Amino acid sequence: MNMISAISDCGCDALVEGLRAEFGAVLAERIVEAEAVDFLWEGRVRERYLGEHVAAFADEETPEDISRIAVLSVIDGRWYTGLCLVDAEGDAIELLWKRELGSRNEAEIALERAR
């Protein structure tokens with residue numbers, strides 16, 4: 001069973017504008033890309049639970065309760081769909097993939113197709 005949630009009040013656009021004002025457009029873009037998992041997670045508009053993540057090689061550093069969550073996000077006016085690994089506290093810990101889409105409708109379709 002898949003669970004879909006709607007999220008409101010994403011504050012990523014204001015953060016990106018602040019980065020641009022402080023560091024300039026090029027460096028702000030590099031910061032957003034380097035911290036993609038955090039921006040994608042914080043900028044999410046919707047999310048879709050895809051199930052528990054099972055690591056191929058379990059080790060002592062890997063938390064036990066990790067979920068696979070597909071997200072629909074808007075960052076700086078651009079629409080993205082991605083797949084995040086999320087820990088038991090609800091924090092995104094890894095970004096498996098991210099795709100920029102041309103419109104919200106395309107991003108919604110990509111969210112529904114995410115596996």
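Annotation: per residue accessible area for the stretch 71-115 equals 52 Å², rounded to a whole number [probe 1.4 Å, protein chains only].
Taking Lys and Arg as +1 and Asp and Glu as -1, the other residues whose beta-carbon sits under 13 Å from that of Thr81 total +4. Prolate is the label for the stretch 18-102, because the ratio a/c of its alpha-carbon gyration tensor axes (a ≥ b ≥ c) is 1.5 or higher and a/b is greater than b/c.
The values are calculated or read from the model by the stated rules, or taken from the named source; none is laboratory data. On a predicted model such as this, the values are computed, not experimentally measured, just so you know. All Cβ positions, even for glycine, are placed from backbone atoms using ideal geometry, and neighbour counts span all protein chains on display. Note: areas computed on protein heavy atoms with side chains; ligands, DNA, RNA excluded. Shrake-Rupley method; radii C 1.70, N 1.55, O 1.52, S 1.80 Å.
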